[in-house]
Amino acid sequence: MNNTELKKEILRISGVNVKKCMKCGKCSASCPAYDEMEFHPHQFASMIDNGEIEPLLRSDSLYRCLSCFACMERCPRGVEPAKLIEAVRLTAIRKQGANRMTADDVPQMLDDNTPGQLLVSAFRKYTK
Amino acid sequence: MQTVTTKSLCERAASLLGEGTVAAVLGWKRGEFDYDLTPAVFTAAEELTEGFIYNDFSGANLSKYLLKKTREIDGKILVFLKPCDTYSFNQLLSEHRFDREKVYAIGIPCSGMADIQKIRKIVGEGITAIEACENSLLVHTLYDDEPISVSCAEVLTERCLNCKSKKHVAYDELIGDEGEVLTSNRFDEVEKIEALSADERFAFWQNELSRCIRCNACRDACPACTCEKCVFDNPNSGVQSKAPGGEFEEKLFHIIRAYHVAGRCTDCGECSRVCPQNIPLHLLNRKFIKDMNETYGEYQAGEYDNQRAPLVNFSLDDPEPSDVVKGGFDRA
Amino acid sequence: MQDVKEFKPVIVAFCCNWCSYAGADLAGSNRLAYPADVKIIRVPCSCRVNPMFILRAFQRGADGVILCGCHPGDCHYSTGNYYTRRRMSMLFSMLDFLGIERDRTRVEWVSAAEGAKFAATMNEFVEKVTALGPNKRLEDLRCKQ
Amino acid sequence: MQRIGVFVCWCGSNIAGTVDVHAVAEALKTESGVVFSTDYQYMCSQAGQDIIKNAIHEHSLTGIVVCSCSPRMHEATFRKTAAAAGLNPYMVEIANIREQCSWIHKDMLSGTEKAIILGKAAVAKVNLNAPLTPGQSTVTKRALVIGGGIAGIQTALDIADAGFPVDIVEKKPTIGGKMAQLDKTFPTLDCAACILTPKMVDAAQNENIRIYSYSEVTEVGGYVGNFDVTIKRKARYVKEDICTGCGLCTEKCPQKKVPNEFNLGMDNRRAIYIPFAQAVPKVATIDADYCTMLKTGKCGVCAKVCTAGAIDYNAKDEFVKEKYGAIVVATGYNPISMEKFDEFAYSQSKDVITSLEFERLTNAAGPTSGKLLRPSDGEHPHKIVFVQCVGSRCENCAEKGKEYCSKICCMYTAKHAMLIRDKYPDTDVYVFYIDVRTPGKAFDEFYRRAVEEYGVHYIKGMVGKVVPEGKKLLVQASDLINGKQLHIDADLVVLAAAIEPDKSARPLATMLTASMDTNDFFTEAHPKLRPVESPTAGVFLSGCCQGPKDIPETVSQASAAASKVIGLLVKDHLTGNPCIAQSNELMCNGCSSCERVCPYGAITYEEKEFRMPDRTTKLRRVASVNPAVCQGCGACTVACPSGAMDLNGFKNNQIMAEVDAICKM
């Protein structure tokens, strides 16, 4: 897929109208994972609008997003950045045809301090 | 048969005439046969004894005649009103169509009126006389030596089968018992048509309305159709027409007539009763009544004096025309 | 089938002077196209439209009638369109009861600022009426010339 | 039979480009009643109008059809042309072949065809037109101004200066409105009270101005030039004409725990109170919700201390009926509720405040006597965060905020930031903004001064959340320029709350039959050309009731509204609209259906004697329409089953003739 197609696909999956964004940054201001992320929620909106999809697909930010939906809740324009991030993540997974985490990775992550629930949700999130 | 007798009504009317309370009596008069009664004005006791009659064929709603008669006759007019007639009476009052002061209304009970067509279907032609018994009618014909007995219930008119109320909503005096508002199935027939497909509905009405001969009987008998000048008689209205024309002409006439009486029609059924072609015209009115009840809340025209009918009223959250889909409409 | 003349519906649009007629003007100013089949009649308020006008239009060969007024609450005469809403709801339901195609009639609220909505509404309405074909059920054959 | 002239306008190439104007003129020649038909480049030009005038004379025309642009554009022009040539102006009909034809149809064939049909419809209508003469009505030379803020005061002063009496109705005990609560005003930083209170005094002393304070409009009837208004004078339990405003009662009243609305509840007042020192009228008011005497019948301290004897516990609401020629709406605005914005912790912390509350905090007459102290602990804040656009420019949160820009926040926030830095240089001020909007004379310079001279930190980005923690407010925000997320431990957070029309505006609009937009701002008659008039004749708009505005803009609009009112009041007579309902008494049933749907109460009934064909007379109840009250909507014409009620200019047969012309293929 070229960039235009990618953009179309992401907009289709997410159902988001990025043109509504007025670039206030409230999404990123609300983001609890901000410092973990290379690209921030507001950048997802503007980069997708600009068709800069490749850097997003390669970025670790996709997997740093906690899916807490604070950005969606707070956005005054109803842009829903979390849906965009999810859509890019889905595209990345589909494109690579690979999972970011496999069942084999799980045992080495097991330790007494990590809640089992975390691993379950991480596994769910990083796998197709 | 009726629970009050012609005689008792005659006596009461005669006494009111005699003491000068009323100047005239509006009632039913024997026609050529026992079953073809016409509304009539009586001004003397003798006239009453001679012609006044109240029986199972006193279907005519007398309230409409008050418009003209109250203007023509000096003094009060006594009018006999069956329960359903009282609704029309009230509705006309709300519309200021006659002077209440000039009317002395006596409410009389009604056990339902008989449909001569139904009787004919049972006994055939050549009816000469009909006697009323307890729960049946004895029909004399040219061809039978013995009168044929038919049960009253069997030959009730359609409107009486679906009687909405036995309650008198307006009167000065009541003869007999005060009845109650009934729960009727009067919308069943409308629902049946609504359930048809659009093509079937069209065919149904095409079949019914194409029989119209534009005799205007429905309009002339209708207690809601009381315009000083009917739009169909008015050359400036743009819809003037006096004779049946193309197929649509009748639909136009009947839709406009139904629309004009919508919210004012008390569902008295006179339109269908007087139609010589037996077109079920009351179904058009009932459709409007049903739609208005379901969309804007229950409303019975004529139930009270001075009500505000649904079409001259509104509420801020009324549904949109596109959302008002009652029954009919092909949902496909 | 090439020589069969393409069906061009006759559409009568009643527009209230204050909102919808202005909306139609705005559609014009913005050059928002809709089919020429739509002919607008200006009325002061949607509540001026008598059901008789609508029936008359059908009788004379209209294939669709649309009534546009101010949005409820915005009527220039404050309450006119509320009456319109009730009247047309009842009339349309009756026409439906008589087996007349529902898509031939429509009420739409179009404000003076909604030129785009006006054009879109007309496009959609014409499309629906065109799909229904000529109005046979309500026209008076005598009026056909 | 009419003699109709048809005039087809090219409108340069606007019409002629897609409509064959000659063909249209030619086709309409054969229509019934048409005796003359022509086309011309610009019908609305002087030369075009001369063609019409000459044709009227030459061909003795009794009616004309102009095929041109929208009647909303030039109907008035061509009516004047007809009148100038001695033809009744209502014998003119316009076929709209520009906006509704040439501009939307690109195909010459269909455009021409449609133009011809539209022309035919207009000809069919003119054939049935009748000359109409507008009625005349008188003008009551008194104006009503609803709302006593700066907008209302300015409008009233200007009308009064022109020599017309004017009444101000203000629902609060004093005039002054929001401006009285402000501290300084941008961009000049003069003190609001210093420039407002003299105007309040002017209003009180002007003999043409009568102030109904603590009063509300409850009923409006009538029409332009002749409004009948009922004003409710709420019981204030203090005789206005006797109270000297000494304020002794307000010091002695034992009920001390009443939230002071003037200071937005940040301190308390007594149950009997004067809102602020410069109140006009300077008269005490008893708050019936809190007064012990009124609630329990025990107390009466204020009556005891009042040497003037002004207290009257038995006072009742009074209703005053007045006649007015014009009404000005100046109902103003309020900040929206911040309750629903959980992320900013407004409901959780006293130190999160709105900008209007901040005004009171810095006002010398405010709860802190002008010292900038935190509401929670009275300490001086060292780090203050301002958040812009709170509830403004919200698209998806209609139940929370507003879609529009509130317009004034950028400037007052710059003012607040600057004032803090001026008085307390040790305080850090952060302003989080989406855009800084400063269109206005000396506005941008003002904002730049806040940044450049006063060192206010302007940060492009929004605040995501505010979390109270201990004595601090943890502010998490975006810095979009630097691509950072900021965490600031602030002492005070100030929210620039969106503003919305006062809640009293909606019911008032219904009373006035004036239209409103979805945000409850009053709609102007034309957004550009008639910005201070409402579409309802005789009702004018002043200030924020029409849309968000700052003070200079409000005052200009107030004066503009006043000039419109003066223009109306100087007239002795008003010419009405002749396109009104008319009842044909011979056909009227007297059924009252029309009366029930008339929004103006223009229809009344009378018993009238009619001569019958048989020479008898009969008394009938028939409808009659008050031509001065009827606005010509036509609701009655459809409610009338007999068709007795018809609308001049849009008669049943005229509309049906148009229908026929369109449907005739």
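Here are the numbers for this structure:
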read-out	value
B:S197 versus B:R211: modelled label distance in nm, points set 7 Å from Cα along the beta carbon direction	2.5
GluC sites (Glu not before Pro) lying in DSSP loop within the stretch B:64-135, provided at most 10 other Cβ fall within 10 Å	B:E125, B:E134
Cα shape, the stretch B:188-323, gyration tensor, a/c 1.5 rule	oblate
GluC sites (Glu not before Pro) within the stretch B:1-54: DSSP coil, no more than 13 neighbouring Cβ in 10 Å	B:E19, B:E32
Rounded to the nearest 20 debye, dipole of chain C from Cβ charges on Lys, Arg, Asp, Glu	460
Relative contact order, percent, the stretch D:213-262 [alpha-carbon distance under 8 Å, six or more residues apart]	26
Cross-link pairs beyond the 29 Å C-alpha cut-off, checked among D:K172/D:K340; D:K178/D:K298; D:K340/D:K472; D:K407/D:K571	D:K178/D:K298; D:K407/D:K571
Peptide ranges D:480-493, A:41-54, D:118-131, D:89-102 listed from the most packed, as the mean C-beta count within 10 angstrom indicates	D:89-102, D:118-131, A:41-54, D:480-493
Nitroxide proxy distance, nm - points 7 Å out along Cα→Cβ at D:D228 and B:Y299	2.8
Hits among lysines - C-alpha to C-alpha of B:K7 under 16 Å, sequence gap 8 or more where chains match	B:K29
Normalised alpha carbon radius of gyration of the stretch A:24-128 [divisor 2.2 N^0.38 Å]	1.13
Förster-model FRET efficiency, 25 Å R0, D:R448 and D:D426, C-beta, rounded to 0.05	0.65
Convex hull of Cα atoms in the protein assembly as shown, direction-averaged projection (nm²)	66.7
Computed [θ] at 222 nm, deg cm²/dmol, chain A (DSSP H ≥ 4; -39,500 (n - 2.57); rounded to nearest 500)	-15000 deg cm²/dmol
Cα principal axis extents for chain D, largest first, Å	89, 69, 41
Euclidean distance between Cα centres, the stretch B:199-214 to the stretch D:542-587, Å	54
Using alpha-carbon coordinates, inclination of helix D:192-205 to the longest axis of chain D, degrees	60
Residue-averaged 222 nm ellipticity for chain D, from DSSP H runs of 4+ at -39500 (n - 2.57), nearest 500	-8000 deg cm²/dmol
Binned Cα-Cα distance frequencies in the stretch D:235-315 - 10 Å width, integer %	20, 57, 23, 0
Label point 7 Å beyond Cα of D:E318 along Cβ direction - residues of the stretch D:225-247 with amide nitrogen under 12 Å	D:232-242
Shape call, the stretch D:506-665: gyration tensor on alpha carbons, a/c limit 1.5	prolate
Cross-link pairs beyond the 25 Å C-alpha cut-off, checked among A:K19/D:K402; D:K323/D:K402; C:K39/D:K106; B:K164/D:K618; D:K53/D:K106; D:K350/D:K383	D:K323/D:K402; B:K164/D:K618; D:K53/D:K106
Shielding by partners, peptide A:39-45 (average Cβ within 10 angstrom, other chains)	2
Whole-number percent relative contact order across chain D, with pairs defined as alpha carbons under 8 Å at least 6 apart	13
Where labels lie 7 Å past Cα in the beta-carbon direction, separation of B:L138 and D:I195 in nm	10.5
Straight-distance crosslink candidates among lysines, where the alpha carbon sits under 23 Å from B:K251 and sequence neighbours closer than 8 are dropped	B:K192, B:K229, B:K242, B:K287, B:K290, B:K326, C:K136, C:K144, D:K664
Within straight-line cross-link reach of B:K167, aspartates and glutamates at Cα separation under 13 Å, skipping those fewer than 8 residues along the same chain	B:D85, B:D177, B:E178, B:E180, B:E303
Using alpha-carbon coordinates, inclination of helix D:71-84 to the longest axis of chain D, degrees	50
Å³ per residue enclosed by the Cα convex hull of chain B	156
Qualifying chymotrypsin sites (Phe, Trp or Tyr not before Pro) in the stretch B:11-96, DSSP loop, other Cβ atoms within 10 Å at most 13	B:F33
Cut-off 19 Å (backbone N to label point 7 Å along Cα→Cβ of D:H22), residues of the stretch D:63-85	D:67
Most positive-pole-ward Cα, C:L132, B:Y171, D:G366, against dipole of the protein assembly as shown from beta carbon charges	D:G366
Theoretical FRET efficiency, 1/(1+(r/R0)^6), r = Cβ-Cβ of D:E58 and D:T604, R0 60 Å, to 0.05	0.85
In degrees, nearest ten, helix D:551-569 long axis to first principal axis of chain D (Cα)	40
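A short reminder: the numbers here are calculations on the coordinates, not readings from a lab. All values reported here derive from a predicted model rather than from experimental measurement. As a convention, Cβ positions derive from the backbone with ideal geometry for all residues, glycine included, and neighbour counts pool all protein chains shown.
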